[in-house]
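The values are calculated or read from the model by the stated rules, or taken from the named source; none is laboratory data. No experiment lies behind these values; they were computed from the predicted model shown. When we count neighbours, we look across all protein chains shown, and the Cβ atoms used for this are built from the backbone with ideal geometry, even at glycine. In case anyone asks, the SASA skips ligands and DNA or RNA and just uses the protein heavy atoms, side chains included. Shrake-Rupley method; radii C 1.70, N 1.55, O 1.52, S 1.80 Å.
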Amino acid sequence: MHFDVELDASGLSCPLPILKTRKMLSTMTAGQVLKVISSDQGSVKDIPAFISQTGNELLSSTEENDKYIFLLRKS
């Protein structure tokens, strides 16, 4: 899937992936897609919860090679 910005938060543990995701989304315009890569297992629950609370859209959540990949659309 097409994405506009990529954030690699691999190697960071909670809450840093969420904080970096929040900061990156704040620089983006509505409709843009952010790809977030995380190695923190807590991201599997934390990022969808954060996205739900902020009114943005979780397009997909997958796991590849011990990394968690999320595609988020800024609303």
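Okay, residues lined up against (1) closer than 17 Å to SER75 by Cα; (2) not aliphatic (A, V, I, L, M):
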{"residue": "LEU12", "(1), (2)": "no, no"}
{"residue": "PRO17", "(1), (2)": "no, yes"}
{"residue": "ARG22", "(1), (2)": "yes, yes"}
{"residue": "THR27", "(1), (2)": "yes, yes"}
- Item | Hits in region 62-75 (condition: touching an Asp or Glu at 6+ places or on another chain (Cβ under 9 Å), of a type in the set (Ser, Thr, Tyr) and open to solvent by less than 70 Å² (accessible area, probe 1.4 Å)) | TYR68
- Failed condition for LEU59, given (1) at pLDDT 95 or above; (2) open to solvent by 60 Å² or more (accessible area, probe 1.4 Å): (2)
- Query: Any idea how many residues of region 11-56 are exposed (fewer than 14 other Cβ atoms within 10 Å of the Cβ) and touching a residue at least 40 places away in the same chain (Cβ under 8 Å)?
  - Reply: 3
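Suppose we filter region 1-55 for residues that are of a type in the set (Asp, Glu) and part of a helix (DSSP H, G or I); how many remain?
We begin by selecting, within region 1-55, every residue of a type in the set (Asp, Glu); these are 4, 6, 8, 40, 46.
Remaining after also requiring part of a helix (DSSP H, G or I): 46.
Total satisfying the criteria: 1.
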